[in-house]
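The values are calculated or read from the model by the stated rules, or taken from the named source; none is laboratory data. Given the structure is predicted, the values throughout are model-derived calculations rather than measurements. Cβ: placed from backbone, ideal geometry, glycine included. Neighbour counts: every protein chain shown.
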Amino acid sequence: MYKRILLFSMCLLAAAHVQAQTYSYQVDLARVQNDQVSVSLSVPKLSQAEATFYFPATVPGTYATEDYGRFIADFQALDASGKALVVTKTGNNGFRIAGADQAVKITYKVDDTFDAEVKKDPIFEPAGTNIEAGKNFVMNNGGFFGFFEGMEELPYEITVSKPAALHGLSAMETRSEGAEKQVFKAKDYHQLIDCPILFAGTDTASFMVNNTRVQIMVYSETGEKLAGRIYNELKESMVAIAKFLPELPVDRYAFLFYIKDYRETGKTLLDPNFGLGDILKLVSEFRGKGFGALEHGNSSVYYLPDFGLEMMSIESQIKDVAIHEFMHIVTPLGLHSQHIGDFNYVNPVMSRHLWLYEGITEYFAGLIQVQGGLMTETAYFTDVIQSKIKSGSSYPAQKMSFAEMSANVLEKKYEKQYNHVYDRGAVLGLLLDIEIIRLTDGKKTLKDVVLTLRSRYGADKSFDENSFIKEFVAEVHPDLQQWFDTYIEGRNDWDLSKGLAPVGVSYAASAEVSMPRNPLKDNDVQMSLMNLYVKSTGKEEWAGLKPGDRMLPGSSYEKTFRDENGNYLKEGETAKMKVIRKDKTISLPIKVEYKSTKVNHYVEWLANPDAGQSRMRAIWLAKQP
């Protein structure tokens, strides 16, 4: 956090001067040269003889090192006569200006991060920048605009010269001045960082959910119009969120999509002759690519691949991640500690509460789909929770607590474990929800507690980093402190059997389970990344498979032998497995046979829960008891 302790008299003298100050930027997207964008700044009046102009080392929500200053070239500071002042680069992100009190203009060029070939600390694409003259510009603003240390609270005005065919969508206040100029305004640097801009063409859509206007802008490298398809998926998701929350927390929200063209790669993935050379080529192609999304207060940015494959469609990639990103409005954007509220862009300090910011958000993303009718309870456990338990069980709990990993996530040792916020963190959210329901005898859920605390703080007020867990516990029951001591602050593995039992769910680290026999295991089946293909049939082949048959992920064993509710088909029923045979897709009928199979991390609904378990399950899933 920056030191903001000033003498009261100094504040009074400076107040009028500061209010009149602003960062006034000019950005030229119409004349891109050497894949660089020219930027100029009319410098706010500086009183000090030396000042440092910074670009962020990292930004909220990424939990990684960005060092945007690496992508700034030809930085100059000029006085009123146009004379260049002495500028010294400090570290990756700072530009120290000698004679800063004489500076009236700063100019520099921006290189984009999408095309950058950097081995250390590549920037996650949803937090990055893209420059493609006349086609699109992805402006995560930390990569385009900086600030003078200690002057982040000044307002920003960004005037963008642009091609007439492109329009910029952002959550910022904006106005057009003719077809080739657009102006954006932010109240301070924090809002500027929180409001990325996507400049693209006319592939857009919008809709209303309750009193919230949702806008969609898509740029696809394939040229295909995708906003209409994405609209259908997002509207269903937003309606489910509206059912989950007492009210939607914003009156407008923008989804900004950059879709990468991987259709040729998609063809390669389906090639039955896919070999080691193809694998190495793909590893090289995907190295450093960050598919996913990044949240903001009134928008989110998506970088997704288009493989041109039905089972990996754009729509199938959106639902869970879009709900997750929107729910970040609740936390951390609406409930956070001072390390986020007073974010230090120069020397970032990470929070200990990733269990809250990411873990609970990911848990809510799944729960919303169940409570909103987008996913069955069985599918939720078999497709989501069981998978997260399997992957989350590899977290080195005895070597580092979840809070310890969070606070040190910028360090390599801990950064390696970051992705566990989405698996282990989500399961911890589930366990916490169940424990809250148990301790309050059903009077409160995790959602109730989080929304109560969010209403207490909100976007502009931070909770105390070190005392928040005690405050959280005070909203529930004193005994909840033990849960945090064990799973968040402590280095202990989870007790899933005990934690899931109150809602009538059984867990076993390993179990012999009677389940449909897998026809692939009785044949010589090889995997070619996206293909399973039968090299030869075995002596016990019984399902009608033939050498050369290929199966895609959408017709995998798990989905083939489950009904639409996620339950296994009964013995004797007929499953339909999609098989590509001689380049034609056929539906192979397979009579279901059950067999005892060893399963790791097995989770199952109790068929006959007792009255207490039934009641708690109903409260948890928001159903009438």
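Some observations on this one:
- Among the residues of the stretch 162-182, those that are exposed (fewer than 15 other Cβ atoms within 10 Å of the Cβ) and assigned to a strand (DSSP E or B) comprise E173, R175, S176, K181.
Table: residues versus (1) surrounded by 15 or more Cβ atoms within 10 Å (Cβ to Cβ); (2) over 39 Å from the mean Cα position of the chain (by Cα); (3) modelled with pLDDT of 90 or more.
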| site | (1), (2), (3) |
| --- | --- |
| T537 | yes, yes, no |
| E540 | no, yes, no |
| K546 | no, yes, no |
| N567 | no, no, no |
| E571 | no, yes, yes |
| Y602 | yes, no, yes |
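- Taken as a whole, the structure places E471 among residues that are in the same structural domain as I434 (by TED's automatic domain parsing), without any contact (Cβ under 8 Å) to a residue 60 or more places away in the chain and in contact with a strand residue (DSSP E or B) (Cβ under 9 Å, 6 or more places away or on another chain).
- Yes/no for Q317 being at pLDDT 95 or above and surrounded by fewer than 24 Cβ atoms within 10 Å (Cβ to Cβ): no
- Residue ranges of strands (runs of 3 or more DSSP E) in the stretch 559-625 with at least 2 members polar (S, T, N, Q): 584-591, 594-605
- Leading residue by the ranking (surrounded by the fewest Cβ atoms within 10 Å (Cβ to Cβ)) among those in the stretch 448-497 that are among the aromatic types (F, W, Y) and under 13 Å from L335 (Cα atoms): Y457
- Listing of strands (runs of 3 or more DSSP E) fully contained in the stretch 46-118 that carry 3 or more residues being touching a Gly at 6+ places or on another chain (Cβ under 7 Å): 50-54
- Test result for E315, in a helix (DSSP H, G or I) and free of Cβ contacts under 8 Å to residues at least 40 places away in the same chain: no
- Answer residue from the stretch 307-323, given it is over 18 Å from the mean Cα position of the chain (by Cα) and not aliphatic (A, V, I, L, M) and is nearest to G359 (Cα to Cα) among those: S313
- Residue count, the stretch 157-190 (criterion: without any contact (Cβ under 8 Å) to a residue 24 or more places away in the chain and closer than 30 Å to D342 by Cα): 4
- Residue pairs meeting the criteria (Cβ under 6 Å; at least 6 apart or on separate chains; first in contact (Cβ under 8 Å) with a residue 12 or more places away in the chain, in the stretch 140-153; second part of a helix (DSSP H, G or I) and hydroxyl-bearing (S, T, Y)): G142/Y68; G143/Y68; F147/Y189; E152/Y189
- Residues being modelled with pLDDT of 75 or more, outside any strand (DSSP E or B) and surrounded by fewer than 16 Cβ atoms within 10 Å (Cβ to Cβ) - total across the stretch 521-535: 1
- Flag for E117 being modelled with pLDDT under 95 and assigned by TED's automatic domain parsing to the domain that holds V37: yes
- Members of the stretch 369-425 found to be outside any helix (DSSP H, G or I), more than 20 Å from the chain's Cα centre (by Cα) and of a type in the set (K, R), listed by number: K399
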